[in-house]
Every structure is written in structure tokens, then in C-alpha cells.
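Below: one structure, written as C-alpha cells.
The values are calculated or read from the model by the stated rules, or taken from the named source; none is laboratory data. It should be emphasised that the depicted structure is a prediction, and the values quoted were computed from it without experimental measurement. Glycine also receives a Cβ, built like all others from the backbone with ideal geometry; neighbour counts cover every protein chain displayed. In case anyone asks, the SASA skips ligands and DNA or RNA and just uses the protein heavy atoms, side chains included. Shrake-Rupley method; radii C 1.70, N 1.55, O 1.52, S 1.80 Å.
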Amino acid sequence: GGEQTIADLARRIVDEHGLDAGDLPAGSSLGGMVSLEIAALLEAPRVVLIGSAEDPKEVQPFFRLVAPLAKVTPMGMAQVLALSSSGEPGRQFASADKEFLRAMCLAISGWEPPAYAGEVVRVHGAKDAIIACPKRAHVIPKAGHLVAQTHGEATIAVIRAALGGAGTGAGA
């Protein structure tokens, strides 16, 4: 949609999908950051972050340092390099829209998280090399950054337990 910030992306998603405070925002990686923005916009009582960050300082320093280079990086070349060296995260990076990648790399580097007063439920892989595993997270020991893809059942079980069995219906 041409958004340049994570907050702008969150606003578009809320508007396009008619979300309200009764919905449970949840997302993985960048999607978790967007979900945090959505939760703040909606004043939702809780949000679920899966292998994601509440603050850009949680993103590994290397990624924070190179993010501003997205302005001048030939994304096609970056996608080829990612595909050949980074496993599943690299495959996802390689298949994404180049301009979206550029905009979101820049957006993450300048992201100022929203003030959010609700409950933040965090599920994280202990071996995440992209976003540091936070101290107050439900940790899945052998999982990496894409914890929901590699350890889906364990991720769902942790979320269900953290929510007290809530959010177990269709689309949860």
C-alpha cells in the first residue's frame, strides 16, 4: 500500500479489516511490531508477539546498523544473497516485494514503539538470531526466529496457556 512506517501499515490494516478492541492482535517478526501498533490504536486489552520485538533495541545490532542502507541497497541482489545463505528467513525475504522490504527495513530502523498499556504475551525461540530473546517471554528452547513455523504446535500451546484458553476459535 505504499506505507513508509509501521504505524501507517497498522492503520491501513485496521481500516481495511474493520478491526476493533475485541480483536486479538498477534503477529510474528515484523508482523508482531505491526500488531503492537494495532493493539495501541485499538486500545486492545492484549497483544501476542511471536518472535517479535517491543522495541527496536531488541533487534540484533547488525540488523539495526544496516537497516538505513536499505535506501541504496539493490534489493534484488540482497534477496539473492539472502536466499542462498539464510534458511527459511532468507527464503521469505527473497520472495517478498522489493519496495515493501525497502520501506519496512527503513521503518524498523526509525520505529518508535507506541505507548501501549495492555498485556503483551510474548512467545520466542531461544535460538533466535534476529531478535534477542526477551527475559519475560514464553521460550521455546530449540526454536529460532520463525518459531511459529518451525514449532507451530508448541507456539499455539504456549499462547493458549498464556491466554487461559481464550482465542482458541477459528482464526485464533
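Miscellaneous remarks
- Filter pass, Ala67 being at pLDDT 65 or above and either in contact with a Phe, Trp or Tyr (Cβ under 9 Å, 6 or more places away or on another chain) or not in a helix (DSSP H, G or I) (or both): no
- Only one of Glu88, Glu153 that is assigned to a helix (DSSP H, G or I), modelled with pLDDT under 70 and surrounded by fewer than 17 Cβ atoms within 10 Å (Cβ to Cβ): Glu88
- Which numbered condition Glu43 fails, given (1) buried (at least 19 other Cβ atoms within 10 Å of the Cβ); (2) at pLDDT 95 or above: (1)
- Total residues in segment 107-124 satisfying the condition of being open to solvent by 40 Å² or more (accessible area, probe 1.4 Å) and in a strand (DSSP E or B): the figure is 1.
- Any hit, segment 125-142, residues being outside any loop (DSSP other than H, G, I, E, B), at pLDDT 90 or above and open to solvent by 50 Å² or more (accessible area, probe 1.4 Å): yes
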